[in-house]
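Novice: Here it is, the structure, as structure tokens.
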């Protein structure tokens, strides 16, 4: 019995003194959440809002709408949908969008 206890102690000592035991480890937990499902009405609403934005951008490009008016349409969509518009804008339109966002804060 004594030899078994001595063997267990030597084994524990050897395991604790190995290089592997001296390395730091980090345990992480990954959490995944499902995105809420979107119904047909969401996709129809999104398509309609994208149509409004495209119409405003086309009117701005054709110089029939000012940068400030187009910015109002863009910021309205951002407020309603909660998402940003990922497009390249020219400096006057970008400045107008920033002014409109600051005005609505």
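Novice: Is it the case, given these coordinates, that residue 70 is at pLDDT below 80 and assigned to a helix (DSSP H, G or I)?
Specialist: Considered against the rule, which asks whether it is at pLDDT below 80 and assigned to a helix (DSSP H, G or I), residue 70 comes out as no.
Novice: Related question: Can you tell me which residues in region 73-104 are surrounded by fewer than 13 Cβ atoms within 10 Å (Cβ to Cβ) and assigned to a loop (DSSP other than H, G, I, E, B)?
Specialist: Passing the criteria: 82, 83, 84, 86, 87, 88, 90, 104.
The values are calculated or read from the model by the stated rules, or taken from the named source; none is laboratory data. Given the structure is predicted, the values throughout are model-derived calculations rather than measurements. For neighbour counting, all protein chains shown are included, and Cβ atoms are generated from backbone atoms with ideal geometry for every residue, glycine included.
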